[in-house]
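A short worksheet on the structure shown next.
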């Protein structure tokens, strides 16, 4: 994801006197201290993603058993008070298994390395495009999260744009470079995961509270190529990493705010269309989240709706050059829309 840190007002103030400076600016290389900071964030994300890859719903370790549902207020309070202890015991056991069980270690590494390959490819697509256009930006900030709280051990990554954009062409190229690179990196991982997927005759009978993953069109198409119905497949680390990568790609391509899809719409269709697509996306997702929770027991839409709600409050700076996109980039915009269709799911997971 690309975030502009200059407000629209700031860009307009600086445009008359500094446009030539920003067009031809020589970009400094990141200092050693900056490199260490970003490497540490990446390393911490690798650790949290590896742990998350071993745990349910992605991995073989499923220690989070709470017993019977609390029936009284006292039982509920007691359950809440013991949650931190239970959580730490689950994480501690997962870390212990990573050091003592080769199967768990291999599984966790296959998940985390595959997922990080997708995320790194996505963010470096943005970063390299910035360097090509001589747009000042940070290196990717990877966001580690506690496993199970951020289910995959990360909330993804982002780069910050620190100088005004020279043109709509630059906004478009920088915006779409990330999801296209991430999608290309995701495809072979999905192919490996689905080709190795074991099939079952029917879905297992749920005992309640079980997560079921929906499959985007791209996963279903790969499954059809291998003659497999992925609905009846047993997941593996490559499949789950590709699934998370597809979800991240789809969310980023929603045409709202400073999501990558928002940048693409702003560059291709202009400021006014960008304004309305963000609001239509938010209202649509808010409605879908309620419908998903009611009909499919899928709470995941609420998180996407919250993200889109935040994006409504984030402005999009105007680039200096307002020349419309050329036909070649409009064709790329259509291809990017196809990627969104292939990866988007209104109800990614549901409880059965």
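Quick notes
- Taking the listed residues 310, 280, the one that is more than 20 Å from residue 169 (Cβ to Cβ), without any contact (Cβ under 8 Å) to a residue 12 or more places away in the chain and either part of a helix (DSSP H, G or I) or under 14 Å from the mean Cα position of the chain (by Cα) (or both) is 280, with no other qualifying.
- Some residue of segment 252-259 being in a helix (DSSP H, G or I) and at pLDDT 95 or above: no
- The one condition in (1) buried (at least 21 other Cβ atoms within 10 Å of the Cβ); (2) closer than 16 Å to residue 1 by Cβ; (3) modelled with pLDDT of 95 or more that residue 120 fails to fulfil: (1)
- Number of positions in segment 313-333 that are touching a helix residue (DSSP H, G or I) at 6+ places or on another chain (Cβ under 9 Å) and assigned to a helix (DSSP H, G or I): 4
- Of all residues in segment 126-158 being touching a strand residue (DSSP E or B) at 6+ places or on another chain (Cβ under 7 Å) and part of a helix (DSSP H, G or I), the one that is farthest from residue 86 (Cα to Cα): 130
- Output for segment 216-235, where each listed residue is more than 24 Å from residue 1 (Cβ to Cβ) and either in contact (Cβ under 8 Å) with a residue 60 or more places away in the chain or within 13 Å of the chain's Cα centre (by Cα) (or both): 221, 235
- Number of the exception - residue 297 against (1) over 19 Å from residue 326 (Cα atoms); (2) part of a helix (DSSP H, G or I); (3) in contact with a strand residue (DSSP E or B) (Cβ under 7 Å, 6 or more places away or on another chain): (2)
- Of all residues making up segment 208-230, the number that are under 20 Å from residue 57 (Cβ atoms) and out of contact with any helix residue (DSSP H, G or I) (no Cβ under 8 Å at 6 or more places or on another chain): 6
- Verdict on residue 263 being surrounded by 17 or more Cβ atoms within 10 Å (Cβ to Cβ), part of a helix (DSSP H, G or I) and in contact (Cβ under 8 Å) with a residue 60 or more places away in the chain: yes
- Inter-residue pairs, beta-carbon under 6 Å, first on the phi > 0 side of the Ramachandran plot and in segment 241-257, second not in a loop (DSSP other than H, G, I, E, B), 6+ apart: 257/278; 257/311
- Being under 30 Å from residue 266 (Cβ atoms) and either at pLDDT 95 or above or crowded, with 16+ Cβ neighbours inside 10 Å (or both) is a description that does not apply to residue 193.
- When every residue of segment 221-240 is checked against the conditions, at least one turns out to be part of a helix (DSSP H, G or I), surrounded by 14 or more Cβ atoms within 10 Å (Cβ to Cβ) and touching a strand residue (DSSP E or B) at 6+ places or on another chain (Cβ under 6 Å).
- Residues of segment 296-306 that are touching a residue at least 24 places away in the same chain (Cβ under 8 Å) and either within 12 Å of residue 253 (Cα to Cα) or surrounded by 18 or more Cβ atoms within 10 Å (Cβ to Cβ) (or both): 296, 298, 300, 301, 304.
- Of all residues in segment 314-352 being without any contact (Cβ under 8 Å) to a residue 40 or more places away in the chain and farther than 25 Å from residue 220 by Cβ, the one that is surrounded by the most Cβ atoms within 10 Å (Cβ to Cβ): 331
Here's the yes/no breakdown for (1) in contact with a helix residue (DSSP H, G or I) (Cβ under 8 Å, 6 or more places away or on another chain); (2) buried (at least 21 other Cβ atoms within 10 Å of the Cβ):
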position: 73; (1), (2): no, no
position: 107; (1), (2): yes, yes
position: 126; (1), (2): yes, yes
position: 136; (1), (2): yes, no
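The values are calculated or read from the model by the stated rules, or taken from the named source; none is laboratory data. Predicted, not measured: the structure shown is a model, and the values here were computed from it. Glycine gets a Cβ as well: all are built from the backbone with ideal geometry, and neighbour counts include every protein chain shown.
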